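*Asks:* Here it is, the structure, as structure tokens.
The values are calculated or read from the model by the stated rules, or taken from the named source; none is laboratory data. In this text, all values refer to a predicted model and were calculated from it rather than measured experimentally. Virtual Cβ from ideal backbone geometry, glycine too; neighbours counted across all protein chains shown.
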């Protein structure tokens, strides 16, 4: 989802929603300079449903190099308080059009290959046609490549960043289930950590306007020397023929 580089100065940014819409590539700083090969960041992700039920998950995002200009990202999710399931790792090969230094969060659009492994089971490589289906089950609905609004400086654990707001819609189909709605996110962006995000809060509503969930992320740790959590040989999976 990396030792700390201290920002040289507090960002002098215009405060308020009246600031012009931009995107994460045109904000005041390049927030992804720390997302180097071998870098990683660990988050605590807290999900609260409309009834107030809380699930906590430990999410680690890592970047790996590859042959030539290849870039691999890996996301490992470990269920904690209130969360079910086993620890799961997803590793993504990103196509050459992806520019990590511009927007390391906007990677889901550029996946060429995906490997998934639940702890204790085989690692499986899924074909391109299945990636959107599998990935949608684990990935956020926030479009990090969409327009954003600067809200001024922010701070977390003594590190200074820029607070931004991202609002957008989503329309996702996982097998035969279609999910539509909107997301409203606030992030604190900083070049002091890999993947540029100090914290995030996202409120998701469905297409009827009802609350689906509130997801909050905060950094627990970061560093270098990342090692993939994928273990053993990788089995290739063929695209199944759907009855419809």
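*Asks:* Does segment 30-56 hold any residues that are crowded, with 22+ Cβ neighbours inside 10 Å and touching a strand residue (DSSP E or B) at 6+ places or on another chain (Cβ under 7 Å), and which are they?
*Replies:* Within segment 30-56, 31, 35, 39, 40, 41, 43 qualify.
*Asks:* Here are 166, 160: which of them is in a strand (DSSP E or B), modelled with pLDDT under 95 and more than 30 Å from residue 91 (Cβ to Cβ)?
*Replies:* Values: 166 fails: more than 30 Å from residue 91 (Cβ to Cβ).
Checking each option against the conditions leaves just 160.
*Asks:* Sticking with this structure for a sec: So, in segment 150-161, exactly how many residues are surrounded by 16 or more Cβ atoms within 10 Å (Cβ to Cβ) and within 20 Å of residue 44 (Cα to Cα)?
*Replies:* The first filter runs over segment 150-161 and keeps only residues surrounded by 16 or more Cβ atoms within 10 Å (Cβ to Cβ), leaving 150-151, 153-154, 156, 159-161.
Okay, now just the ones that are also within 20 Å of residue 44 (Cα to Cα), so 154, 156, 159-161.
Number of matching residues: 5.
*Asks:* For residues that are over 19 Å from residue 236 (Cα atoms) and under 16 Å from the mean Cα position of the chain (by Cα), tally how many sit in segment 91-121.
*Replies:* Residues in segment 91-121 being over 19 Å from residue 236 (Cα atoms) and under 16 Å from the mean Cα position of the chain (by Cα): 13 in total.
*Asks:* Restricting to segment 43-79, name every residue that is in a strand (DSSP E or B) and more than 24 Å from residue 188 (Cβ to Cβ).
*Replies:* Restricting attention to segment 43-79, the residues satisfying the condition of being in a strand (DSSP E or B) are 43-48, 54-64, 71-79.
Selection gives 64, 71, 72, 79.
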